[in-house]
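Data block below; observations after.
We did not get these values from a lab; they are worked out from the coordinates using the rules stated. These numbers were taken from a predicted model, which means no experiment stands behind them. Note that we place each Cβ from the backbone using ideal geometry, even for glycine, and neighbour counts take in every protein chain shown.
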Amino acid sequence: MSAERAAPDSLRGWPPPVLDPAGPFAAPLHLLTWVLVGVVVLVMLVVLLTLGVALFGPRAWRKALGGERLVWIGGMGFPVVVLSALLVYGLTLTARLSDAPRPGEMLIRVTGEMWWWRVAYLDAAGRETLQDANEIHIPTGQPVALELESSDVIHSLWIPRLGGKLDMIPGRRNILRLQADRPGEYGGQCAEFCGGPHALMALIVVAHDPAEFAAWRARSLQPAAPQPIVTGGARVFGRAGCGACHTVRGTDATGLAGPDLTHVGARRTLGAGVLPNNPGTLAGWVSNSQAIKPGNRMPAYPVLSGQDLRAVAAYLDSLE
Amino acid sequence: MTDRAESETGFDPALFGRFPTDGPRPQGELAKLEAIWCAPKGWQWITVINNNYVGVYYVGAAMLFFVLAGVLALIMRTQLALPMNGVLSQESYNQIFTMHGTVMMFLFAVPAVEALGVLLLPQMLGARDLPFPRLSAYAFWAYLIGGLAFFCSLLFGLAPNGGWFMYPPLSSTTYSPGINADFWLLGIGFIEISAIAGAIEIIVGVLKTRAPGMTLDKMPVFAWAMLVFAGMIIIAFPSVILATTLLEMERALGWPFFDSARGGDPLLWQHLFWFFGHPEVYIIFLPAAGAMSTIVPAVARTPLVGHWLVVLAFLATGFISFGVWAHHMFTTGLPGVSVGFFASASMAVSLPAGIQVFAWIATVASGKMRFNTPGLFVLGSLLIFVMGGLTGVMAAMVPFDWQAHDTYFIVAHLHYVLIGGMVFPLFAAIYYWAPMSSSRPLSERSGRWVFWLMFAGMHIAFLPMHLSGLMGMPRRVYTYAAGRDLEWPNLISTVGAFLFAAGVLVWVIDMARNFRPFGQDAGNIHDGGGLEWLPTGLYSTRSIPIVTSLYPLWDQPKLARDVEAGLYFLPNAPTGGRETLLTSPINAEPQQLLPMPTPSGWHVWAAVFTAGFFLLLTVQAYAAALISGGLAILCLLRWCWFLDHPARFKTADVGGGVRLPTYITGPASHGWWAMTIALIVCGMVLAMAVFSYVFLWSRDTRVWTPPPPLIWLAMIVALNLLVAALAFLANRVLTRRAQSGPLLAALFVVLAAGALAAGWTIDLQTWRQTGLAPQLSGQGAMVFAFLSWHGVFVGIAAIMAIYVALRWLFGHLAASRIVTVQLVGLFLGYCAFQGLVSALLPRLFPGA
């Protein structure tokens, strides 16, 4: 069980993702973090040293410290200098990182749902061209603008290696710009407590180099293409009513409540980063997702036999 | 300041020259004092109101909640020790982390520092008791009963589960359909009440009951901290009162304040909550800092260096802390200008903290530090607090906050600040002041164990959390997947948490073995310089000294002896009952011999029914809640009935032949101060409602319903002006006309309440005729929120009118007994103002 439930490498904590940036929106935050750590350690040393002298220093030194002069210098002069410098640094950086998206920048709408991520790729006019879930595919080397929305409660999208976090608030639309310089997978997780299984709401950003991204996009725009061998699974899928909540483009499954499954077989994880994706975990998830991610909105299907489960898992796995 | 012409009240400071008087005092005087102040016997002990008792109970109750919430933390740390651990279910974890935060903030931190004030202030100020002892006893009982019942919601799985800041829409009925969230909203209703009652008590106590001669520049630094603390409660708590009221109305009635689909906005909650929530952190910190600034000089045996800088730092903290709330919202997409403002203010608020830290270091340098338990705790506090402050500066850097926000980095930061800034000072205070209340001091040997276990446990638990945050661990997660490298930092944190808890356990054992309150106290074993170390009995000091310096016991070696010999003010009980000196706010010139209430059951019953009201409301037993609320009001009125009662003598000798009046009125009286402060609270709620209204208007893209015809507004304005005029006239006739005065005054008060109700009814009915409904839009919700809020005041005014009429009927109104009508008049005047604002704003803005 534990090996099966191990998180994907993109969600690993070492090296700490905040200190391992992979794009121009995260790199300045990385530098800033080290500058701040340096300042904190330095100030802490100054305070410790002063306190040490005040407690154990020679009489003359203690006498020099024991007056209002120390309060003015240590409590006012020193912090004003350090804080002013930091403030200028921080506000300049804030302004620089808060630029609005440039015209023509790729737009992806990410909607927070309890407890997964609805992803839609938009064209220049803002129309949705492609729906997906729990994975965001981006081309490398260019900024991408994410339109953050929520369909229920407040969530917060955080991909630490690509940039800071931004909240998804019902009734508002926030824009988060990210960029990955190198192809790879970058993990993230919901940061704002959103009830129930908030702890199990992760996602992965997959960065492709631009040519590969175009190929991925073309592939994804195709409707589902299940192999003939899995038609039994497709029938189970239909009979069990899965299409009431899920869409599989090209079939009569057109539900909108749950994640789009047109290319579910190509995803890296199941249940928003909870399980690796393979026929075994797919069968387990369909059978009783409540045991894997308690509180999620998908009911358990104890009515499905082992054979049905294997069939439906094979069907889903084939949707690549 | 010593010249009579410059005197604040006309009191001649030369009279101070009569003290210390020539002894000895008459036989039997002390026995009489003891008899007057002795606590009720048997089961009636529950009615005690003396701060010597209530203060100890209060601190004890707060520490009980500290231990309970700490146990919750241990359960959470056990769950997080291993990945995908199954000690707790998801739902239990979510309830437990919510309760841990809520209980620590609302049932431990604020009450604990308030309790410290109740226990210490009268002693430090040389007063026999706080000015409203029954009010603080009421606040204590409401807090204890309500708090325990609220905590028990956990046992039934009904505890709130949305996090201690309860963000909507997660806390709305759609996503939190159970009564769990209502427990939170109503459960902290009585905490709000008791916090505000305590704040009124502390402000009036600090400004009006200081020992003669204790001018503001000789006032102990702890009293300054408590004064700023109480002022901040007055400004900050109304915001959370409004927020919880609005959210409960949204939940119970479907009014969409926070529902973006119907013209509300979830960010309105965040603004209201953090306008309270961030000052809250300093509300908790300031009294603890005041305790630090008292204990550091005592353990270093030297006056505080930079006393005035520290006092100014308190004031600056109080001021700046109201400009930092949105730093909890840097990741919500705030506009750039606001981000710049709040980032700057968040940096600036660390300056006063720096001043205090270096004042403590300078004090340590100028004296000779003793490494006893209080000494260790103040040093530990200093180090932990500085670290928390520095990570706070990190988080105030907006781009860094984009990474750190809502992660374990922030969990680490806030625990460093709160444990360093509040918990360690509190333990220093407990070890330092225990000998003032207990016949035995706490054990030094245990104290060292407590300190080192807590100090080590604190760092082992929270230092790794900075890292787990940077490693991508969000806060409020009930588990984490294996293989994310989060195992080690979490396991270490869990070990640290248990070490910390072991320290607290040693302290509990130490308390059980050594803490023996309510008898002879152990005395000034730490050689402190403040009045609280004077020899005392249940009546506080034998006589009330004249204060001539910041550290009277250090500067006047004979003071303790003379005070104990009864050679200063009030060595006896001139009116034969409980009493203390009321002095002027700036120069502490004696103004009145203030009669004090005696123990009675009414405030206890009022507290029981107040807590009952909120709890019954939570479980939706509305009829029972109404009955309980009605009974609470009856008990309150019964408790007030025998107030405003002139003593037999107009003036009394308070020692040395100095005569003071026993009954005073107007701005000199303590009741006037309390009412004025209470009305400031009401005004702040109103101001926050105005903000909410304008905020929702600025967010709503739809057309707002035009107001009713303005002729109605003219009528409402006229009626409210009439209310103010009648309230003024009621006071005037009562003092000017001996014969017809009482009847006319009662009549005017009743008429004023009637006019107020008429204005409100017109306001309500004309809005209803426009077709605006509270469920349909943000505008409707806010307009009817104004009307509901004002409706409550109309109801209170009606009750007051009946009360005044009854007092007339029983002959309790006279030119010599005018305080009741004065206070009711103040209240009616405020109601008129509120009626005007809540009618004018929605009708004129945005207008037709």
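Sorted on the mean count of surrounding Cβ atoms within 10 Å across their residues, most packed first, peptides B:282-289, B:522-529 read B:282-289, B:522-529.
Would you order A:Met44, B:Met105 from fewest to most other beta-carbon atoms within 10 Å of each residue's own beta-carbon?
Details: A:Met44 14, B:Met105 21.
In order of increasing Cβ crowding within 10 Å: A:Met44, B:Met105.
Across every pair of non-identical alpha carbons in the range A:88-217, the mean reciprocal distance, once inverted, gives a Kirkwood radius of 15.0 Å.
Contact order, relative form, for the range B:717-848: 39 percent (alpha carbon pairs under 8 Å, 6 or more residues apart, mean separation divided by residue count). For A:Leu275, nonlocal amide neighbours, meaning residues 5 or more places apart or on other chains whose placed amide H falls under 5 Å from its own, are A:Leu270. Between A:Arg219 and A:Arg173, full extension at 0.36 nm per residue minus the direct alpha carbon distance yields a gain of 13.7 nm. Can you check what the net charge comes to around A:Leu51, using other residues whose Cβ is under 15 Å from the Cβ of A:Leu51 (Lys, Arg +1; Asp, Glu -1)? Residues near A:Leu51 contribute +2 overall. Between helix A:306-318 and chain A there is an angle of about 70 degrees, using the helix long axis and the longest principal axis of the Cα atoms. Treating r as the C-beta distance of A:Tyr89 and B:Val71 and R0 as 45 Å, the FRET efficiency rounds to 0.55. A cut-off of 5 Å between modelled amide H atoms, ignoring neighbours fewer than 5 places along the same chain, links A:Ser156 with A:Met168, A:Ala191, A:Glu192. Length available on full extension from B:Glu6 to B:Ile509: 0.36 nm per residue minus the Cα-Cα distance, which gives 175.6 nm.
For peptide B:94-105, the mean count of partner chain Cβ atoms within 10 Å of a residue's Cβ comes to 1.
Using a Förster radius of 56 Å, what is the FRET efficiency between B:Asn372 and B:Arg737 based on their Cβ-Cβ separation? Nearest 0.05, please.
For B:Asn372 and B:Arg737, the calculated efficiency is 0.30.
Here the Karplus relation 6.51 cos²θ - 1.76 cosθ + 1.60, evaluated at θ = phi - 60°, turns the backbone of the range B:519-534 into coupling constants of x, 5, 8, 6, x, 7, 6, 8, 6, x, x, x, 4, 5, 9, 5 Hz, with x for every Gly and Pro.
Give me the inter-chain shielding for B:79-89: mean count of other chain Cβ atoms within 10 Å, whole number please.
The per-residue average across the peptide is 1.
Remark: the range B:171-179, residue by residue, has Karplus-estimated 3J(HN,Hα) of 8, 7, 5, 4, 9, 9, x, x, 8 Hz, where x stands for each Gly or Pro and the curve is 6.51 cos²θ - 1.76 cosθ + 1.60 at θ = phi - 60°.
Please state the relative contact order of the range B:507-556 as a whole percent: Cα pairs under 8 Å, 6+ residues apart? Present the calculation step by step, with values, prior to reporting the outcome.
On the way: 27 pairs, mean separation 17.0, N = 50.
Once divided by the residue count of the range B:507-556, the mean separation gives 34 percent.
With a 10 Å cut-off around each Cβ of A:84-97, the average count of Cβ atoms from other chains is 5.
Per-residue ellipticity at 222 nm for chain B, helices alone: DSSP H runs ≥ 4 residues times -39500 (n - 2.57), over residue total, nearest 500 deg cm²/dmol? If you can, show how the numbers build up before the last one.
Details: 27 runs with 530 residues, N = 848.
The helix-only estimate for chain B comes to -21500 deg cm²/dmol at 222 nm.
In this simple spin-label approximation, A:Ser305 and B:Trp452 carry label points 7 Å from Cα along the Cα→Cβ vector, and these lie 7.0 nm apart.
Only Cα pairs under 8 Å and at least 6 apart count here; give the relative contact order of chain B as a rounded whole percent.
Details: 1471 pairs, mean separation 140.0, N = 848.
For chain B, the relative contact order is 17 percent.
Residue by residue, the range B:320-328 carries 3J(HN,Hα) couplings of 5, 5, 7, x, 10, 4, 6, 6, 7 Hz when phi is fed to the Karplus relation 6.51 cos²θ - 1.76 cosθ + 1.60 (θ = phi - 60°); x denotes Gly or Pro. Approximating the spin labels as points 7 Å out from Cα along Cα→Cβ, the B:Leu15-to-B:Arg445 distance works out to 5.4 nm.
Test of understanding: express the Cα radius of gyration of the range B:710-770 as a ratio to 2.2 N^0.38 Å, with N the residue count. Present the calculation step by step, with values, prior to reporting the outcome.
Working: Rg = 14.2 Å, N = 61, 2.2 N^0.38 = 10.5 Å.
Cα Rg divided by the expected 2.2 N^0.38 Å: 1.36.
Size check on chain B: the Cα extents along the three principal axes, sorted descending, read 81, 74, 50 Å.
Summarising the amide proton neighbourhood of A:Ile175: residues at separation of 5 or more, or on other chains, whose placed amide H is nearer than 5 Å comprise A:Leu148.
Listed cross-link partners B:Lys218/B:Lys650; B:Lys218/B:Lys368; B:Lys41/B:Lys218; B:Lys32/B:Lys650; B:Lys368/B:Lys558 are compared with a 28 Å cut-off, the Cα-Cα value being larger for B:Lys218/B:Lys650; B:Lys41/B:Lys218.
What the Cβ-Cβ distance of B:Gln775 and A:Asp252 gives, at R0 = 60 Å and to the nearest 0.05, is a FRET efficiency of 0.95.
Would you tally the net charge around B:Phe330, using a Cβ to Cβ cut-off of less than 11 Å, leaving B:Phe330 out, and scoring K and R as +1, D and E as -1? Before the final figure, lay out the partial values.
On the way: positive: A:Lys165; negative: A:Asp167, B:Asp401, B:Asp406.
Local charge sum for B:Phe330: -2.
Label-to-label distance for B:Phe341 and B:Arg648 is 6.2 nm, based on points extended 7 Å past Cα in the beta-carbon direction.
Rank the residues B:Arg542, B:Arg843, A:Arg173 as a footprinting-exposure proxy: fewest other Cβ atoms within 10 Å of their Cβ go first.
Numbers: B:Arg542 24, B:Arg843 21, A:Arg173 12.
Ranked by crowding around the Cβ, least crowded first: A:Arg173, B:Arg843, B:Arg542.
Packing order of peptides B:24-31, B:639-646, highest average first: B:639-646, B:24-31 (average count of other Cβ atoms within 10 Å over each peptide's residues).
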